[in-house]
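Q: Below is the structure I would like to discuss, written out as structure tokens.
What follows is calculated from the coordinates using simple rules that are stated; it is not laboratory data. Because the structure is a prediction, the values reported are computed rather than measured. When we count neighbours, we look across all protein chains shown, and the Cβ atoms used for this are built from the backbone with ideal geometry, even at glycine.
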Amino acid sequence: MRVKFVFCFILASLLFTGAGYAQKNVGNDVRKATTSLETAETPENGEEERKKREIKIAYLKSALEQINRQLNEESVWQKIYANHLTYTQIETDIKTIDLKIAKLKKQGARKYRLRIRELENEKAQLTERLNLLKDYQQNPFKTLIRPKEITEVPVVTNPVAIINAFSYIKQLGEQLARFEHEIGNLETFIAMLEQKLSILKELLALVPDDRELQKAYAQTNKEMKEAEEALSLHQTALVVYKKRVDEIKLRLTNQIKEQAKKAGTIGVSIFVLLLLVLLIKWLVKRTITDNERFYMANKIINFSFVFIIILILLFAYIENVSYLVTVLGFASAGIAIAMKDWFMSLLGWLVIVLGGSIHAGDRVKVVKDGVQYVGDVLDISLFRITILEDITLTTYMHNRRAGRIIFIPNNFIFTNMIANYSHATLKTVWDGIDFTITFNSNHKKAQHIARETAKKYAKGYTDITRKQLNKLRSKYSLKNTNVEPRVYSFIEENGIRISVWYLTNAYATLTLRSTISAEILDLIKEEEDIVIAYPSQHIYFDRAKGKPTLPDLSEGNITV
């Protein structure tokens, strides 16, 4: 009865044992079953002993089948090693076929040519399969677990490289963790092979003549030895790899700390320099009241601040400055040719800033390819002058456009004409109005009207210009300082041309021109002896008179 109870217990265990048990559970089940069988009462007859032995063999085979299934399903190493075994077997089969072909050729190539051809076709197929499995030629336990080689280790020489260093440290940690994980998988696989080997050993003890078990035991034992050998090598490599990774991490960490400290020092220096620049700007603003001078001083301060920062960064992060100077010396010729306009613009900027020929706010006129542009200077940068085109006599007579933003390269100061309407302290320019009267008009009265009208409306600008020219005597050689309106009369083809010139605001010439023109026209209309001339034609038929009488052109009639 006790033997039947044990048999039922073991059979129930076999039915409820699933494929998801771990290899540890398999080993525990084997040990429990063996213990229970050993502790059972020894039957007195041989039949019960034979049944007990069969039960134990059945249970061990079930445990072997379970662990084989677990190895095939859960362990990638078993699949890889199976491919290695397949490669080895195919290689052996090819050698065997070569021996057979050689033997048949000795016996008679013609006699066995069909068989030789079959063997050669079989060899070709096996060779093709062998090429597909060539990656599994070597021991997979040694070749598949390889840490990524550490080749170029970054050097932290500037704050930007800190990001790259952190990324590299993280990458090293991931590679090390992956290596450790693969070694852990190999250790688990070896433990499963030990379980399998233990089961096979117990089965061989019960069935010593089973060829399949002997072959499986030998194959598993060989596989486990190769895995243990590879594990030993990888564990040694892991220790070396860990030391290498720790060394690199320590070195990069020290470099990061050094660069962070250096960057902090430079940042504090730049911050202090910024505070100093703000203080200087505040003092300049309180000291200089002229907007143009303050603008130029502000530009110089900003440029100096940026230049000093560039020098600080240059000497802080370039290890061999002399080497940089040498390289720039060799490259200067090519750079000068390739960036000629830029260098000329930089030189032009120095000439403009140091020479003081043009300032922000000045009204200038630029001529380029026959096109004239007149506007106010908005900004003078390192490479260009920015002007805002205004409504002027130029836009009225030539462009018929205004309000555009014009960019003038600084190198134009060397190659093109740039006229400044408001240079130095001068804010006025000479402007003129021309009109033509008939030959029989009172030209003296017309000149008087033009002169008095110009004096009336330009008196304020005349006084301002006189004061400004007196200030410029110490800087420039001024010979003609007459600032009163000037009137000229010229004999032209169609009448007498009256030209009146006066001083006006450089930024509002058209306004005063319009006002004076309208005033002169109104005053001339009131005079009977002054007639504005316009194109006309006269025809005379009386030849008896030596000199024809002048026609009355007051109403635009044609005398015949």
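Q: Please give every one of the aspartates and glutamates within straight-line cross-link reach of Lys299, meaning a C-alpha to C-alpha distance under 17 Å, and leave out same-chain neighbours fewer than 8 residues apart.
A: Asp290, Asp362, Asp379
Q: Taking amide hydrogens as modeled 1.01 Å from N in the peptide plane, which residues meet the under 5 Å criterion relative to Thr436, leaving out close sequence neighbours?
A: Long-range HN contacts for Thr436: Ile498, Ala533.
Q: Please work out the Cα center distance from segment 254-278 to segment 420-444, rounded to the nearest Å.
A: Distance between centres, Cα-based: 62 Å.
Q: Also, quick follow-up: Which of the trypsin sites (Lys or Arg not before Pro) found in segment 373-439 are loop residues per DSSP with 10 or fewer other Cβ atoms within 10 Å of their Cβ? Display every interim value, and only then the final one.
A: Details: sites: Arg384, Arg400, Arg401, Arg404, Lys427; in loops: Arg400, Arg401, Arg404, Lys427.
Passing both the DSSP loop test and the Cβ count: Arg400, Arg401.
Q: Right, another one. Under a cut-off of 12 Å between alpha-carbon atoms, report the aspartates and glutamates in cross-link reach of Lys134, not counting same-chain residues fewer than 8 places apart.
A: Of all the aspartates and glutamates, those that pass the test against Lys134 - Cα under 12 Å, at least 8 places apart if same chain - are Glu91.
Q: Then there's this: Collect residues whose amide H, placed 1.01 Å from N in the peptide plane, falls under 5 Å from the amide H of Arg384; neighbours closer than 5 in sequence don't count.
A: Result for Arg384 returns Asn410.
Q: Between beta-carbons, use under 14 Å as the cut-off and find the net charge around Tyr457, counting Lys and Arg +1, Asp and Glu -1.
A: Working: positive: Arg451, Lys455, Lys456, Lys459, Arg513; negative: Asp431, Glu452, Asp463, Glu484, Glu519, Asp522.
Around Tyr457, the charge tally is -1.
Q: By the scheme Lys and Arg +1, Asp and Glu -1, what is the net charge of all other residues having a beta-carbon under 12 Å from that of Ile256?
A: Details: positive: Lys249, Arg251, Lys257, Lys261, Lys262; negative: Glu258.
Local charge sum for Ile256: +4.
Q: Among 440-446, 265-271, how do they line up by average Cβ neighbours within 10 Å per residue, starting with the highest? Each step should come with its number before you reach the end.
A: Details: 440-446: 17.7, 265-271: 12.4.
Order by mean packing, descending: 440-446, 265-271.
Q: So, one more: Go through segment 157-165 residue by residue and turn each phi into a ³J(HN,Hα) via Karplus (6.51, -1.76, 1.60, θ = phi - 60°); whole Hz please, and just put x for glycine and proline.
A: 10, 7, x, 5, 5, 4, 4, 5, 5
Q: Okay, moving on. Quick one: of Lys123/Lys222; Lys170/Lys242; Lys368/Lys427; Lys427/Lys475; Lys456/Lys525, which pairs are farther than 22 Å apart, Cα to Cα?
A: Table pairs above 22 Å Cα-Cα are Lys123/Lys222; Lys368/Lys427.
Q: Which lysines have a Cα less than 18 Å from the Cα of Lys61, not counting those fewer than 8 places away in the same chain?
A: Counting by Cα, and skipping residues close in sequence, Lys61 has these lysines nearby: Lys24, Lys32, Lys51, Lys52, Lys196, Lys201, Lys215.
Q: For segment 417-492, what is the convex hull volume of the alpha-carbon atoms per residue, in Å³? Walk me through the numbers before you get to the answer.
A: Values: hull volume 9.6 nm³, N = 76.
Convex hull volume per residue, Cα atoms: 127 Å³.
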